Structures are given as structure tokens and as C-alpha cells.
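The values are calculated or read from the model by the stated rules, or taken from the named source; none is laboratory data. Here the structure is a predicted model, which means the values were calculated and not measured. When we count neighbours, we look across all protein chains shown, and the Cβ atoms used for this are built from the backbone with ideal geometry, even at glycine. In case anyone asks, the SASA skips ligands and DNA or RNA and just uses the protein heavy atoms, side chains included. Shrake-Rupley method; radii C 1.70, N 1.55, O 1.52, S 1.80 Å.
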Amino acid sequence: MTTIRMTVLMTVLCGLVYPLAITGAARLLFPRQASGSLIVRGGRVVGSELIGQSFDNPRYFWPRPSATPSFPYNASASSGSNLGPTNPARHDAIANRRKALLAADPGNTAPIPADLLMASGSGLDPHISPEAAAWQVNRVARARALDPHTVEDLVRRHTEPRQLGILGEPVVNVLVLNRALDGL
Amino acid sequence: MSFNDVLQAGLYLLVLLALVKPLGAYMAQVYTGRWQIAPERWIYRLAGLSNPAPMSWVAYAGAFLASNAAGFVLLYGMLRLQHLLGWNPQGMGPVAPHTAFNIAASFVTNTNWQNYGGEMALSYFTQMMGLTVQNFLSAASGMAVLVALARGLLSRKSQEIGNYWVDFVRSVVYILLPLSILLALALVSQGVVQNMDHYVQVTDSKQVLPMGPAASQVAIKQLGTNGGGFFNANSAHPFENPTPLANFLECLSILLIPAALCYTFGRLVNDKRQGWALLAAMLLVFVPLLAITIQAEQGNLEGKEARFGTATSAIWAVVTTAASNGCVNSMHDSYTAIGGLGPMFLMQLGEVVFGGVGSGLNGMIVFAIIAVFLAGLMVGRTPEYLGKKIEAFEMKMASIAILAPPLCVLLGTAVAAVTPMGTSGLTNRGAHGFSEILYAFTSMANNNGSAFAGYGADNPLVNFTGGIAMLMGRYWVALPVLAIAGSLAAKKTVPAGPGTLATHTPLFVILLAGAVLIVGALAFIPALALGPIVEALQ
């Protein structure tokens, strides 16, 4: 009897009171973050700052490769490729991505940064490294008939340093950068 | 390894160790019952426990099992009936019976192995009232068992080791809930979602953004060494772990309570040096494996997020497998052979290097008993630990606790590796395919929950054998530990003499770490040779 009562009490406390109280407090303190850091334009949700989107047009910066099922950046089925280090499928995938990147920018002889060749863990990675953005600057500038320095400058303004100067890696948010490109 | 990699790992260890004493001292106060706030009294009154009395180890174990069984039944029921229970904006259907059995076993045993994708299969009702609740309760049960063991070591000629319900309720009310509230709000500030909304359709796109009360669950998932993700990609998902700062706080929370409990244990047995010695032995195994894994993953970004890079991901992989947490911020299946070996070996050591909240330190104390026994054999003296004579009964129980998980790992791996259903879910073939299976059963039987996630384990064979492995891995350790607690409580305390082996010295720390490594290596090197070691040589 004690067991059943205790289980019910704890379910109410930890499963109802606690998460609902946090939901309420989150709404009050951090309304934007609590509801998904959405980017809203003219009343329409165009994405989330935290969830990457697929871009394969040379006019835009391309994000990390995504291995989500059905289509890339499928946000309702987050997933990595889970391909092991010796799996031939992994080497094939990397070779194909290299080919596609070079086909869109034939003259580019700089080494391709690893994050443009290897799929992210969530399949929804919103970021690329500043090196990966720099690798794409000339292609984007050419496709848009812009001065590469203008694009380079835009990338620099969208580069986020390591948090607190130590944690994680410097990154560029691809969706935010591409929206800024369209606004130039 | 770059300077920043070393800096990040160093900062992590520094902040963790700085928090051990304050939190450990606070938890010691909680368990010695120095004070009581009104809600605790209300809970006892509503549960019909007007005057919670101390229990024998058998009664304590009975209450422990009963509370876990009730949680199991409740969670299984919710999973099967979630389509009728509401808070289901996406209209998720009932979970298949074998999957539900595995999930219920997984969350009740503090394993939190994920054979489901949260955003694809579970309603908000199930996530909150089912999973979040068991995240708290499985952690609280593990902490209660540790406190009982500490009391067993301290008592003299006593039949009692405390009241299970009191230890359980105090763990939730004074430790897990307050820390979870702080962490959940900090995580929301960084972008972890927390709402009850419908999923959001992105305009002019196929993309649908999942929502839900994630932050409240992610907080206890880390603090309670649980690890089951709200979303499929777990802590690699930007809505669970959006920034490096969120990552740091989550990663810190994984080891926070297991590390601080070492100090709590020292306080509870009235000899703080004993707690520090156990913590030192853990660090002695942890730090080298951390360095090896960070080094092995340099340049490998497959399955890793750009905001974390290789070092932050590798630190997490080692932390989550040292603790029996098992949440991931990168996909371990895509690690290099050596990079994946480190996390796998940490679990195979029996989840005693930090390990689960409570359960990890229990395992380490069992190893301390083995270590004093080994030392006793060398010099021909009856072994003692903290003034208690270690005799045949304690050694039998310690042996069961140490041998049960490897037995489940190896048997489960063998069964899955030779049956068509067991190998049907493999993403990778050859040595790495074997590693996927070995990792799965290592993770389940040691109550970790991380995966080489390419292994599609949601089939009746793996769900069932894995579910059994999780239950055995939990209770065949916890029950022998409670038996040891009861047996030691009944003994008198022998004053330390000139021939007593001191268990707080560097010599003993090395002996203890050695015992852990030797037992783990003897049990698993043959299996590891077929998986990651072959792969590293390819």
C-alpha cells in the first residue's frame, strides 16, 4: 500500500508539478528559447535558429551533410549516419560530397574542411566552422556577382567565437548567414 | 591534442572537483536527517507512513524492489496506453509490447537505453509522467542503496540499515529536484525547448520542428545519470544541447552527484579520507582514458556537431560512459576504433569509475572489499574494511555483484551475434558490426544506455534479452550490496591495529584501481580483441 501511494505521489510531484512549473517559469523568463528559438517573418515561421536547413544552390552557403532519414535536415527524425570508421559506405559518401563541392566550384584548390565532408551527429547541425564558410566564399560571391570581400565580411560578422573564450568551437550559423545574404 | 583541448578538459575537472566537497557535505546532511521541511512530512503522511522506522536489510531490499516494480508496471502501462492518455498533440500510437518491456526495464534500472526515437514515438504524457518520473525514481533508489551500505559499515551489532522510503524521498526532495530546477532553467536560457505545443511546420519547407517539455527531462536525465534522450539524437540534438555552455553544464551534471557522493560517503562513515581515496581511484582510471579518447578522435567529425568539435565531444563520450549515464552528444558508432574502445571499456569496468548515482559508488566499494581481500591473501590476514571483518558471506556477495554484469554482457552478445534477428539490425559489417553488438549488451547490462546506434536493436530478440540483461545488471548488484550492508551492520567494529591495511593511502588507491582494471581486462579482452582491437589493426 505504501508502495502504491508513494509511486502515485512521486509521479504527481516529478511528472506533473515539476515539468509544468518549469514550463511556466520558462515561458515567463525565456519565452523565445522555450518555444524553439523560431525565426518568424511576417507571421510565418521560416525556421529555427537552432535547427539547420538544407541548401544545395551555389548561391547559398551549404551546411553540414545530414544523414536524417527520408530527406536531409528532417527535423522530426534526428539522426547521424552511424557509419563506422572502416565502413566503405562512409568513404563513398565522403568521396561523393567532395565531388559535389568541387563541381560547384571547380577552381577551388584549397583543402576541403572536414565538417563539409562528414555528416553531423543530429543531422540537424545549424553550424559550420569558419573555415568551411571561408572555403565557400568565392563560389557564393561569383554566383551572386558580389565582391568576395563583401561576402567575407558578412561571414566574419556572423562568426561566433568559442563560448566564454574556451568552450566548444568557433562556428557560423548557416541559416542566419544565408538569410543575411539574401538581405544584401 | 591542442592547447584548447587540454584547457577544456582541465576546466571540466577543476569545476567538478571544486563542487565535490560543498555538494557532498550537503548530501551528508540530507541523509543524516538533520532537518526536515514541511513537504517531506506531507509526503509521508499522504503515503501512510506516519512514523518511518528503521528496516532490516531484507525489508529495505523488499521496499526497494517494490518501488521499482511499481514504477515498471506504471511505465509499461503508460507506453501501451499512451494513445488514450492525452497530452499527445502528434497522435502517437501505443508502443509495441516488446519495445515497451525494454523501455520500462531500461528506465526503472537507470539504464535509459533508447530503442525508440522520442520525437517519433512518444507522447508528452509518456515523456513527462512516465520517463521523467522514472529518471528521478531510479536515481533516488540507487542513492538510497548507497546510504544503506554506508550505514551498514558504520553500525555496530545492529540489525537495521535505515528506512528505504526516507532515503528515497529525501534524495528526490532535497537533492534531485532542486538541482533539476536550476539546471532546467539554465538550459532553457541556452535554447533547450520547454513547452506543450504542437510540432511546428516550417513555411514552404518539408521541415517539421519537434517541440515538447524537453528541458525538465534533460536536466534530470543528466543529474540522475539516466541518459535517455527526449529526442532521437539525444544530446547531439540542438534542442537538447544547443550551445557549448549548455553542453558544459550538462556534462558537469553527469558526474556531479556520483563524484560528490564519494565525499558524502566519507562523511557518513566518519572518515572523510575514505571518500577521497575512492574518488582518487576513480580519477586514476578516468584521466588516462580521457586523454586517449580525445587524442584518438582528432579530425574525426563524422557524427559530431560543429559547435562541439572533436574535443568537447570526446570529453562527453568518456564522461557519459564513466558514469552510467549514456546520453551522447556525438555518435559513438562513428568513432575511430580506439576512440570507441575507451567508452566501451569504461562501461565494461562495471560502471564503478563514477558510475550511476549511488550504484557506481556501491560498485566501487564492492571492489574495495575485493581489494582488501586480495591484500589479505598476500599477507595472510583476515581482511577488514572500515573496521569490519570481511568474511566468506561478504566475499560471496561481492563476487556475485562483480560477475553478474560481465556474464550478461557476454551471454547476450553471444546470443545476438549468432542469431539472424540479432544481426539483422547491423549498420556496419565485420569487426565493427561485432563491436555494435558487444557495445549494446555492455551498455545494457551495466545500465549505461549509450549505443553504437547504427545497431537497430528494436526487435523482439534484442528487446527481450537486453531487457533481462538490464534487470539482472541492476538487481544482481544492488541486492548483494544490501546483503553486505546487512551483514556488516550486524558485526562489531574492530579497532585498527598495526597490521591493519589502511584504506585511505595512495598504496590502497593503486591497489583498488588495479583490481578494477584487472577484473575488467580479464573478463573482456577476448571480446574486445574481436571488435575494436581487430578494427584498429585493419
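In the structure shown, do any of B:21/B:221; B:21/B:396; B:221/B:388; B:396/B:492; B:396/B:491; B:272/B:388 have a Cα-Cα gap over 25 Å, and if so which? Check vs 25 Å cut-off fails for B:21/B:396; B:221/B:388.
For every other residue with a beta carbon closer than 13 angstrom to the beta carbon of residue B:451, add +1 if it is Lys or Arg and -1 if Asp or Glu, then tell me the sum. Value of the local net charge: -3. Residue A:9 sits among other residues whose Cβ lies under 12 Å from its own Cβ, and their net charge, with Lys and Arg +1 and Asp and Glu -1, is +1.
When each of the peptides B:359-366, A:50-57, B:318-325 is scored by the mean number of other C-beta atoms lying within 10 Å of its residues, the order from highest to lowest reads B:318-325, B:359-366, A:50-57.
The alpha-carbon atoms of segment A:37-182 define a convex hull whose volume equals 135 cubic angstrom per residue. Between 0 and 90 degrees, the angle of helix B:392-418 with respect to the longest Cα principal axis of chain B falls at about 20 degrees.
How large a share of the accessible area of segment A:37-182, in percent, is made up of carbon and sulfur atoms when the probe is 1.4 Å and the other protein chains stay in place? Intermediate values should be presented prior to the final figure.
Numbers: 3370 of 6130 Å².
Answer for segment A:37-182: carbon and sulfur cover 55 percent of the accessible area.
Per residue, the accessible area of the protein assembly as shown comes to 34 Å² when a 1.4 Å probe rolls over the protein heavy atoms. Specify the angular offset, from 0 to 90 degrees and rounded to the nearest 10, of the alpha carbon long axis of helix B:214-223 from the longest principal axis of the alpha carbons in chain B. The two axes meet at around 30 degrees.
Summarised in one figure, the compactness ratio Rg/Rh of the protein assembly as shown, Cα atoms and Kirkwood Rh, is 0.98.
What's the extension gain from residue B:41 to residue B:395 if we count 0.36 nm per residue and subtract their Cα-Cα distance? Spell out each step's value before the answer.
Details: separation 354, 0.36 × 354 = 127.44 nm, distance 3.91 nm.
Going from the current span to full extension adds 123.5 nm.
Taking chain B, how much of its Cα-Cα pair set, in percent, is spaced more than 42 angstrom apart? Result for the distance tail: 14 percent.
Extension gain for residue A:131 to residue A:57 (0.36 nm times residue separation, less C-alpha to C-alpha distance): 24.7 nm. Taken over the C-alpha atoms, segment B:1-137 has Rg and Dmax values of 20.3, 59 angstrom. Here each label is just a point 7 Å from Cα along the line to Cβ, and for residue B:196 and residue A:4 those points are 2.7 nm apart. The alpha carbons of segment A:57-124 give a radius of gyration and a Dmax of 12.6, 37 Å, in that order. Ordering B:200-209, A:146-155 by mean Cβ neighbour count within 10 Å, with the highest value first, yields B:200-209, A:146-155.
Taking 8 Å as the Cα distance limit and 6 or more residues as the minimum spacing, I'd like the relative contact order of segment A:1-93 as a percentage. Numbers along the way, then the final one.
Numbers: 55 pairs, mean separation 10.1, N = 93.
Rounded, it is 11 percent for segment A:1-93.
The modelled label-to-label distance between residue A:152 and residue B:81, using points 7 Å beyond Cα along the C-beta direction, is 6.6 nm. Take each residue of peptide B:389-402, count the partner chain Cβ atoms within 10 Å of its Cβ, and average: the result is 0. Cross-link partners for residue B:389 among the aspartates and glutamates, with Cα-Cα distance under 19 Å and sequence neighbours closer than 8 places in the same chain left out: B:160, B:271.
Please list, in order, the residues from segment B:373-402 whose amide nitrogen is less than 12 Å from a point placed 7 Å along the Cα→Cβ vector of residue B:505. Under 12 Å, as judged by backbone N against the label point of residue B:505, lies no residue of segment B:373-402. Two-decimal Rg/Rh of segment B:55-204 from alpha-carbon positions, Kirkwood Rh? The Rg/Rh ratio comes out at 1.07. With the largest listed first and rounded to whole Å, the semi-axes of the equivalent ellipsoid of segment B:321-408 from the Cα gyration tensor are 32, 13, 11.
The alpha-carbon positions of segment B:47-98 define a convex hull whose volume is 102 Å³ per residue. Kirkwood analysis of segment B:1-58, using all unique Cα-Cα pairs, places the hydrodynamic radius at 15.3 Å. Using just its DSSP H runs of length 4 or more, each adding -39500 (n - 2.57), chain B gives a mean residue ellipticity at 222 nm of -21000 deg cm²/dmol after division by all residues. Interface between chains A and B: roughly 6800 Å² of accessible area buried, both sides summed (probe 1.4 Å, protein heavy atoms only).
Mean per-residue shielding of peptide B:214-222 is 3, counting Cβ atoms of other chains within 10 Å of each Cβ.
Amide H contacts under 5 Å for residue A:74: A:68, restricted to partners 5 or more places along the chain or on a different chain, H placed in the peptide plane at 1.01 Å from N. Full extension of the chain between residue B:204 and residue B:56 yields a length gain of 46.8 nm, computed as 0.36 nm times the residue separation minus the alpha carbon distance.
Helix A:18-29 versus the longest principal axis of chain A: what angle, 0 to 90°, nearest 10, using Cα atoms? That works out to roughly 50 degrees. Relative protection proxy for A:111-117, B:378-384, from highest mean packing down: A:111-117, B:378-384 (other beta-carbon atoms within 10 angstrom). Per residue of peptide B:68-75, the mean number of Cβ atoms on other chains within 10 Å of the residue Cβ is 3.
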